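> First the structure, which I've put down as structure tokens, then a few questions once you've had a look.
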Amino acid sequence: MASGVENITVARLEPGDVHEDEAARLLADALAGENLTVKAPFTGRANLHAGLDGLASLDIQAIDAVNMVDEAVTVATVPSFERVTSGQMVATVKIIPFAVPKETLDLCLAAASTSNGAIGVAGFRGHRVALILTRTAAIKDRVLDKTADVVETRLASLGMHLSRQERVPHRGQELAQAIKTLACEHDLVLVYGASAITDRRDVVPAAIEQAGGYVDHLGMPVDPGNLLLLGHLDDTTVLGLPGCARSPKLNGFDWVLQRLAAGLQVTGRDIMAMGVGGLLKEIPLRPRPREQTEDDQDRADRRAGVAALVLAAGQSRRMGPANKLLIPVDDKPMVRHVVDALEGARIETVHVVIGHEAEAVKQVLTGHNVSFTLNPHFDEGLSTSLQAGLAALPDDIDAVLVCLGDMPGIRATDIEAIIRAYDPSEGHAIVVPTHQGKRGNPVLWDRRFFEAMTSISGDTGARHLIGENEDLVIEVKMADSAVLEDFDTPESLTSRQS
């Protein structure tokens, strides 16, 4: 009363009650597995902290069983297989009232009872790792260098050491020999192929089997990361890496690699169970170990590596006597609209393939920073213009944007959107614009397809290659129909201008 307090509320334990702090401590001790520290309880709460870097190793069934006993007792943890750092809180036990009956606590302790503790941390181990990169003539050393750097950084963050790196041709015999040699000396062999693994008969899985190993599982329900391969040769794990492994962003490869780094077994069924939460490309944050300024530079480098081909050699027979590419649209020759859009998107290398009325086409593009490639066989079809244009491209080009000369509605913003989507490290090697579900033009092609594109014949483009490589296609939705509109007849042009 002297302090001014008139009423005091007292909680008095009944016979058989266990104080909240004591109950929290007992349950936390029962749950704690390897590499965990239980902090002193307070206000009915006991926290469990990681003793080292690793992955949260949880017996979800046991934890659920504890939480189902009584609403007065709760256990909260980080997600299963969450990466944690030394000192980080991994779980907390909270007793909600001031005490719980001993019978309730005993039921919780029984539910928590496992051989190694329901909550633990599997620490990262210093595995010996080798990396094999396969190569083709089209792949530059700087691409392989970047891939190796990203993989090495990823390994180092998990306490793993890349002790050896090999580069071999993308052929089964050479790859099989490299796998066999490195598996004898390493705990883990990573294989990054020059092309995506499409099925079990592809080069990488076939080479693993040729070396005497086994393919345990191909594919995973995680995106990015769908094309990961899990195999083994004797006691060595062999991983065929998805294209996104070349990106420092979080992807399905990280999930598998982290478990292996922590000494946890990974089976095909484990991978198949990763689908819930596996849509990584849609989460708001996908951490990456580099600064925003480097992202900006990466985008600039990507644009610098893209060349454009404008196919402007055709005879436009269906348009009548006029060359449609020279017809004014909005007071400007049709073909100039396309070239202006490319210049607006800051494409540095633009090749215009000419043939029919070549000098007239060159004349209307006077003053533009473009190169001209003459196709003497223009009357044999579109494929000849594609071949002539590809042959004229510089050797250091990473990709080509194939543009039709009769698409005056194309804008610089459309082209920029297509180039932004191009990211072969994420498996985005073919970029196709769409409008209302229909695919249009221009299409951007990674260099790996150049050889196949040059083998096309007749009056056709490379559209069939899209269907054959759907796993490497990314679609970019456009706001209007410009990417669908080309003009072959006087009627279609009149309709556009009306």
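The values are calculated or read from the model by the stated rules, or taken from the named source; none is laboratory data. Here the structure is a predicted model, which means the values were calculated and not measured. So basically every Cβ, Gly included, is an ideal-geometry build from the backbone, and we count neighbours across all protein chains shown.
> Which residue is farthest from V73 (Cα to Cα), if the candidates are limited to segment 84-96 and must be surrounded by 14 or more Cβ atoms within 10 Å (Cβ to Cβ) and not aliphatic (A, V, I, L, M)?
If we filter segment 84-96 for residues that are surrounded by 14 or more Cβ atoms within 10 Å (Cβ to Cβ), which is where we start, we get 84, 86, 88-95.
The next check asks that each one be not aliphatic (A, V, I, L, M); those that pass are 86, 88, 92, 94.
Values: S86: 27, Q88: 22, T92: 11, K94: 6 Å.
Step by step, filter segment 84-96, then rank; the result is S86.
> Starting from segment 382-404, take each residue that is under 16 Å from I354 (Cβ atoms) and list its partners that are acidic (D, E), counting only C-beta distances under 6 angstrom and pairs at least six apart or across chains.
These pairs meet every condition: L382/D459; L404/D486.
> Further, regarding this structure: Need a quick list: helices (runs of 4 or more DSSP H) entirely within segment 339-445 having at least 2 residues that are aromatic (F, W, Y), outside the structural domain of N469 (by TED's automatic domain parsing) and in contact with a Phe, Trp or Tyr (Cβ under 7 Å, 6 or more places away or on another chain). Break it down into steps so the answer makes sense when it comes.
On the way: elements: 358-364, 382-392, 412-421.
Per the criteria, no element qualifies.
> Further, regarding this structure: Among residues belonging to segment 209-225 that are surrounded by 20 or more Cβ atoms within 10 Å (Cβ to Cβ) and closer than 18 Å to L257 by Cα, point out the one that is nearest to the chain's Cα centre (by Cα).
At the first step, the residues of segment 209-225 found to be surrounded by 20 or more Cβ atoms within 10 Å (Cβ to Cβ) are 211, 213, 218, 220, 222, 224-225.
If we keep only those that are closer than 18 Å to L257 by Cα too, we end up with 218, 220, 222, 224-225.
Details: L218: 16, M220: 12, V222: 9, P224: 4, G225: 6 Å.
My answer is P224.
> Of the residues A196, A206, only one is surrounded by fewer than 22 Cβ atoms within 10 Å (Cβ to Cβ), touching a residue at least 12 places away in the same chain (Cβ under 8 Å) and part of a helix (DSSP H, G or I); which? Even if it seems obvious, please write down each step before you answer.
Working: A196 fails: part of a helix (DSSP H, G or I).
That would be A206, the only listed residue that is surrounded by fewer than 22 Cβ atoms within 10 Å (Cβ to Cβ), touching a residue at least 12 places away in the same chain (Cβ under 8 Å) and part of a helix (DSSP H, G or I).
> Taking the conditions exactly as written (more than 30 Å from the chain's Cα centre (by Cα) and at pLDDT below 95), does T147 satisfy them or not? Talk me through it step by step, then tell me what you get.
Working: more than 30 Å from the chain's Cα centre (by Cα): no; at pLDDT below 95: yes.
So T147 fails the test.
> Could you pull out every one of the strands (runs of 3 or more DSSP E) wholly within segment 26-84 that has 3 or more residues that are among the charged types (D, E, K, R)? If you could, list the steps in order and put the result at the bottom.
Details: elements: 36-38, 45-50, 54-58, 73-77.
Ranges flagged: none.
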